[in-house]
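Take a look at the structure set out below.
The values are calculated or read from the model by the stated rules, or taken from the named source; none is laboratory data. Just so we're clear, the structure is a prediction, and the values are computed from it rather than from any experiment. Note that each Cβ is placed from the backbone with ideal geometry, even for glycine, and that neighbours are counted across all protein chains shown. Note: areas computed on protein heavy atoms with side chains; ligands, DNA, RNA excluded. Shrake-Rupley method; radii C 1.70, N 1.55, O 1.52, S 1.80 Å.
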Amino acid sequence: MAKNTYASYLQLKKLLSAQITRTRSDDELLFIIMHQSHELWFKLAIHELACASRALLAGNSGKDCLMAFKRLSRVSEIQHLLIHSWDVLTTLTPDEFFLFRETVGRDGASGFQSVQYRILEYRLGLKYASLTLQTPAGPRTVPVADQAETPDDRAALAQALAAPSIYDATIDYMARLEFTDIAPRRDYARRYQRSDAVFAAWRHIYEDRERDPELYQLGEKLVDLEDAFRRWRFAHLATVSRVIGITQGTGGSLGLAYLQAAANQLIEAPLYPELWEVRNAMFSRERTSEIR
């Protein structure tokens, strides 16, 4: 058996030989490493979200809730790294990117095709089987599965789409505790829709946080996740605007316009609507009069 070393344990020879540049540009390496590192962090975030979901789906005590909270805290830190990573890419000027952009986008290659990013969205609760892109030729609907290169990728996407998101797992956990009015979801492939019962449960938790401190902290961690997801999208939007302006995306979309719509989507239709609505309720006129 070969001796275990730092390099062999981390598979550094394989890892560091995976940056294959296609042009003579000195800046292409930045672009490759940036996106490869994103894929590695996506992989870990997906793993941690799956662990948190399993803890909640199988749990029935505050201990299980705290275990999920620990996993989600790790995902939040990963998200912060991903957000700040765009700062590195902003050092790439338009003329520098131009030297290798056509090579990057050859045959329609685009970050739009990232299977792991789609799975991460599914794990967070953004469920969809297809996307409608605004292109110069008009709207074009693209099935997500068509972006997968292999049968294994398509199977992974289908499995993630059908699996409960972290918010589904949270609601299932709440329904098994004291909030029996909540009806657990079963069609996980559809995006979550707001529930009066879920809103009432979160309002109860937030207005009496000492009674259910674990659920209160879990709620805040879910808000952290969605808030960071929003920030990541806006950081992506700002970076693309700085580097390529309103140029058409390599995947055929309108580029900046597509990213702007995607960023605004989570403001207009939150993933965890009751957790944002409860903030409005706590600062409503009725709530203010109660505090007074």
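When the surface is traced with a 1.4 Å probe over the full set of protein chains, Asp27 keeps roughly 40 Å² accessible.
Could you check how many percent of all C-alpha pairs in region 203-243 are farther apart than 15 Å? Result: 55 percent of Cα pairs exceed 15 Å.
Highest average first, the peptides 90-98, 216-224 ordered by how many other beta carbon atoms sit within 10 Å of their residues are 216-224, 90-98.
The chain gives an Rg/Rh value of 1.01, both radii derived from C-alpha positions and Rh following Kirkwood.
Answer rounded, prolate or oblate for region 89-153, using the Cα gyration tensor with square roots of eigenvalues a ≥ b ≥ c: rounded when a/c is under 1.5, else prolate when a/b is larger than b/c, else oblate. Since a/c reaches 1.5 and a/b is larger than b/c, the shape of region 89-153 is classed as prolate. Sequence-distant contacts, meaning Cα pairs under 8 Å at least 6 residues apart, place the relative contact order of the chain at 22 percent.
Comparing Ser76, Leu40, Tyr192 along the charge dipole axis of the chain, the residue lying farthest to the positive side is Leu40, per the Cβ-charge model. Residue-normalised convex hull volume from the C-alpha trace of region 97-200: 138 Å³ per residue. The magnitude of the dipole of the chain, with charges of +1 and -1 set on the Cβ of Lys/Arg and Asp/Glu and taken from the Cα centre, is near 420 debye. Size descriptors for region 64-103 (Cα atoms only): Rg and Dmax, in that order, 17.2, 52 Å. With equal scatterers on the alpha carbons only and no solvent term, can you work out the Debye log10 of I(q)/I(0) for region 43-160 at 0.13, 0.18, 0.20, 0.21 1/Å? Summing over Cα pairs of region 43-160 leads to -0.73, -1.12, -1.21, -1.24. Each stretch of four or more DSSP H residues adds -39500 (n - 2.57); spread over every residue of the chain, this sum gives -20500 deg cm²/dmol at 222 nm.
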